[in-house]
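This report concerns only the one structure given below.
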Amino acid sequence: MHSLFQFLRIIDLAGMSRYRWILALLAIFYSSLSICTASIVRPISESHRSAALELFVPVDESFGSLENTYEALRTLEILGLEKTYDISRATCKAVLERLGSSSSTTKDLFYALKVNGILKCQIEAINFEGIASNMLAVLKNANSLPDFYYSIGSLLLIKKHGFEVILQDADGAFHSIKALSQSDGRWRYDSNGAESSTYAAGLALEALAGIVYLADSEVDQSMIGVVKNDIVKLFDIIKSYNDGTLYFNDKYVHSSDYKSPLEISAAVVRGVTSFAEVSSGKLNIPGNKILGLAKFFLSIGVPGSSKDLFHQIESLSCLENNRIYIPLVISLPGTVLSLTSRDQLKVDVTTVFGAAAPPLTVKLVQAFNSNSEGKPIIENQELHFDKENSIHYLDIASLKMDVGKYRLIFEVSLHNLEDESNYATGGLTSFSAFFTGSIKIDKGELAILNSDGGSVETIEKLDLSKDSSLSLSANHLQKFRLSFQLTTPLGHTFKPHQVFLKLRHETKVEHLFVIDSSARQYKLILDFLGLVEKFYYLSGKYDIELTVGDATMENSFLRTLGFVELDLPEPPEKAAQPPPQPADPYLRYGPKEEITHIFRAPEKRPPKELSLAFLALTFLPLIGFIIGLIRLGVNLKFFPSSPGPAAFSILFHAGIAAVLLLYGLFWLKLDLFTALKALCFLGPFLVFVGHRTLSHLASTSAKLKSS
């Protein structure tokens, strides 16, 4: 909504720190009243396809359980996105496992067959005759509605797959399900359950439709007639909103049994449309109720969960082509029309998936202005039809419509009588729309009045089409007056939703005043004598800002008018102090104060020569060790020659070298704890190999002495 967004931008630019939250609440409240009172209904669009691609994303070539997989595949198939993902390999493997397992439940088999119906898996090895035989046995012994639903649904899918399925006792199965029905059109889940359910009614009708389809002979027509009456009773308890939107719901005793109105309504739609396909004649359901259900599914918009999107899309797919009534949805591509741009009023009539409607006429029956007090501005205007774009339109420039909020009431009339029995148009449809325009602003004045009867001391003309820089002065005994006129394109007085004057003191203290209209003029008079306490006795310069905004005013504005220099009396001793001004939140993102720090002076160290002399002393033990080895005449004459002792001797000397290396690393980079940890491993190793080496040398020495 262009004008509303422009007005909200004005509020943001105003920077009214103390009152910004008040203006925001007012704007939100206004927009909630301004936006249409009826739910916005539009056909399925690209937004739904984008949502489907976001919500249905396979993980490891799988959507999860077979039930979730079917919901994803069915939704993508209806939306024309079935080739987006290739999950055949992993999913068909799961289908084969379910169909070939003897432990699979009827629900597992049901969804496996549904997934296979979409993917067309290569399952020639599956014994469908055996599955059909098992399902017939389950159907024969079934005593609950889910057992009937899943077994009949599985048999129906097997038959559609090309295998022969014969349901011999169709009347018996039909009677067994019908025995669970209630007088109000709802169904029980089993014969022992006392509670009836609308959701169960949808399952029951879908199961009954499957029985009629599978029956080897015609089902008793009197029983079909009874079920038709049950459907009529079911639609008698349908719930509604004020805008004609209809939906089904249940009363729940246990929260674990809860199902949303969307899920319940989807089950009923699937059941009713399925039964309508197999029964002769037409169900006695009014077209406006079918259209009301379509409006309910479309008014959801784009659901945020994958399951809700599946129920919405599949239900609308059932309504798109059914034998009761095909709902036609009337929508406005735009609900904000500019008189300045000479926009056209456009109306689109399509099916729920956006398919073209049959030949028809759209008439603007009545148009009410929010200020017209019940008198229509326009009556019985037939819209033109643009064949190229398949849209109905009306030029509003010739209608002499003024700016404002309007309630538009349309009527759709089909050209062919045959179409009236196939399509539901819903009679009169109401929409809210805004007609925006440029408002004329003139006769602007700023004046300073004396207290002696209101004589004018200073008066300045205002051009409110641009900012001004007027300079005024006043004291506490004078008055301030601002006046201007607002006129619509048709010359009527315009009353915008927001008209404010703000005075901002040089200390950033702000004061806000609402300007009221008087006759054909907006006028504000400020008596400074009565405002000295509100102004906290602050003399000085006050900036003047004027804000005028409305959702239908294309030239909403925030204007700086100048300033007034106020001379107020000195504050009394107990006068109220100005409130502290809130800190600018953006200041925390600015540069921080520089931190200065004086580091501690380094401690006095010994001379460099002394340090080098101490380093030389540390090498004396190593030099003495080497000299001692030379003096002792160390040699390798007695180094073991046999492999075992030689290996231990090599490891012993390598261990000594490793200890020396560890000492070196300790001096260079390692800390004490790390060196001790390494020494804990090297020490025992060195003791072991050293003991073996010295034992061998002692043994060798003893042998030499004995010889």
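Here are a few things to note about the model shown:
- Taking the convex hull of the alpha carbon positions in the range 258-333 and averaging its projected area over all directions gives 5.7 nm².
- The range 41-129: Rg to Rh, with Rh as the Kirkwood radius over Cα pairs: 1.03
- Of the DSSP H helices in the chain, those whose Cα atoms cover at least 27 Å axially and whose Kyte score averages 0.5 or more: 643-668, 672-706
- For the range 429-523, the average shadow cast by the Cα convex hull is 9.0 nm², which is a quarter of the hull's surface.
- Each helix, a run of at least 4 DSSP H residues, gives -39500 (n - 2.57); summed and divided by the residues of the chain, these come to -13000 deg cm²/dmol at 222 nm.
- Furthest towards positive pole of dipole, Y325, V227, Q498, structure part the chain, Cβ charges: Q498
- The dipole here belongs to the chain: it is taken about the Cα centre, uses +1 on the Cβ of Lys and Arg and -1 on the Cβ of Asp and Glu, and is about 3500 debye.
- When you filter the GluC sites (Glu not before Pro) in the range 187-239 for DSSP loop state and at most 16 other Cβ atoms inside 10 Å of their Cβ, you are left with E195, E218.
- Relative frequency of Cα-Cα separations exceeding 35 Å in the chain, percent: 67
- Proximity of backbone amide H atoms, modeled 1.01 Å from N, is registered between S473 and E565 at under 5 Å, excluding neighbours fewer than 5 places apart on the same chain.
- For the range 450-491, the residues whose backbone nitrogen is under 16 Å from a point 7 Å from the Cα of L529, taken along Cα to Cβ, are 450-457, 474-481.
- Between the beta carbons of E77 and T674, assuming R0 = 45 Å, the FRET efficiency works out to 0.10 to the nearest 0.05.
- Between T700 and N389, full extension at 0.36 nm per residue minus the direct alpha carbon distance yields a gain of 100.8 nm.
- Legend: P(r) of the range 223-370 from all alpha carbon pair distances, 10 Å bins from 0, whole percents, reading 9, 34, 32, 17, 6, 1, 0.
- In loop segments of the range 486-561 as defined by DSSP, the trypsin sites (Lys or Arg not before Pro) with at most 13 further C-beta atoms inside 10 Å of their C-beta are K508, R520, K534.
- Ranked by how many other beta carbons lie within 10 Å on average, peptides 390-396, 100-106, 184-190, 116-122 from highest: 184-190, 390-396, 116-122, 100-106
- T361/E593 FRET efficiency (R0 56 Å; Cβ-Cβ; nearest 0.05): 0.15
- For the range 605-707, chymotrypsin sites (Phe, Trp or Tyr not before Pro) are listed when DSSP marks them as loop and at most 12 other Cβ atoms sit within 10 Å of their Cβ; the list is F619, F638.
Every read-out reported here was derived from the displayed coordinates using simple, explicitly stated rules and does not represent laboratory data. Not measured: the values here are computed from a predicted model. Every residue, glycine among them, receives a Cβ derived from its backbone with ideal geometry; neighbour counts consider all protein chains shown.
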